[in-house]
Amino acid sequence: MTQPQEPYAGVIFDLEGTLVDFQWKIGEAVAKVKEEIREWGWTTPLLDLSDYAELYNEGIHHAPNKEEEKRFLNTVDTIYDEYDKDALTRWGPQPGAKKLLTALKAADIPIALCSNVGRKAMDGILLLMGWKRFFRITLSRDEVRFLKPEPEGLEKTISMLGLTPDKVIFIGDSRTDIRTAKKVGCHVAVAAQGENTRREMEPLGPDHLLASLEPLIEILKL
């Protein structure tokens, strides 16, 4: 997607791996969810999945009825909250994160947060880092039905900012973030400092593929 001549009207960030370092123990969390599913007698393709967001989304689709869907969501949310809480104890800011947020705030560009992290951990890290003041909108896993890479959360965040996708850039650190932005139709920049490597993300064609957040000061014309 061609970068607009004018500055972006809004900037939306992912959280873990983007603004803070990646600490979530994906393998352990996924294994716990699968263990529960096996005990329920669910024999579905879910047992072959290794991505935590895909497991969450597909579990909703595969639940045989509303009661089982509710049980699945209660279980997976409890497990994911546990791993959010664990990651929160180790999260630290990514290089250049505060400088970038400060520059965006000074330029009066609306900033939002859209993450698969749950609300408790999101609010916890924003309080710990003193970053809550930067964001007009924060959207967590708890405010959506489906996680990224489904477009629901990012579409909702853009709408809450009162903007259109073509005027927004989404900044993340993963293949999931690129896929989400492309589904929504907004610009996307990713820093190879979190969930996925540069080699893993390059084939998906993000607008900007960076080593860190620091070049975004120039890219965003701040």
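The values are calculated or read from the model by the stated rules, or taken from the named source; none is laboratory data. Only a predicted model underlies this, so the values are computations on that prediction, with no experimental measurement involved. Here the Cβ positions follow ideal geometry from the backbone for every residue, glycine too, while neighbour counts run over all protein chains shown.
Take the residues of segment 133-151 that are in contact with a strand residue (DSSP E or B) (Cβ under 8 Å, 6 or more places away or on another chain) and outside any loop (DSSP other than H, G, I, E, B): which is surrounded by the fewest Cβ atoms within 10 Å (Cβ to Cβ)? The qualifying residue surrounded by the fewest Cβ atoms within 10 Å (Cβ to Cβ) is 137. State whether the residues of segment 34-52 include one that is of a type in the set (A, V, I, L, M), assigned to a loop (DSSP other than H, G, I, E, B) and under 24 Å from residue 179 (Cα atoms). Yes: segment 34-52 contains one or more residues that are of a type in the set (A, V, I, L, M), assigned to a loop (DSSP other than H, G, I, E, B) and under 24 Å from residue 179 (Cα atoms). For residue 99, state whether it is in a helix (DSSP H, G or I), over 14 Å from the mean Cα position of the chain (by Cα) and free of Cβ contacts under 8 Å to residues at least 40 places away in the same chain. No.
For every residue, the table says whether it meets (1) in the same structural domain as residue 72 (by TED's automatic domain parsing); (2) of a type outside the set (Gly, Ala, Ser); (3) under 17 Å from residue 15 (Cα atoms).
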position	(1), (2), (3)
153	no, no, yes
158	no, yes, yes
161	no, yes, no
175	no, yes, yes
197	no, yes, yes
200	no, yes, no
207	no, yes, no
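In segment 98-124, which residues are surrounded by 22 or more Cβ atoms within 10 Å (Cβ to Cβ) and more than 21 Å from residue 160 (Cα to Cα)? Of everything in segment 98-124, those that are surrounded by 22 or more Cβ atoms within 10 Å (Cβ to Cβ) and more than 21 Å from residue 160 (Cα to Cα) turn out to be 100, 121. The residues of segment 63-83 that are at pLDDT 95 or above, out of contact with any helix residue (DSSP H, G or I) (no Cβ under 6 Å at 6 or more places or on another chain) and among the polar types (S, T, N, Q), listed by number, are 74, 78.
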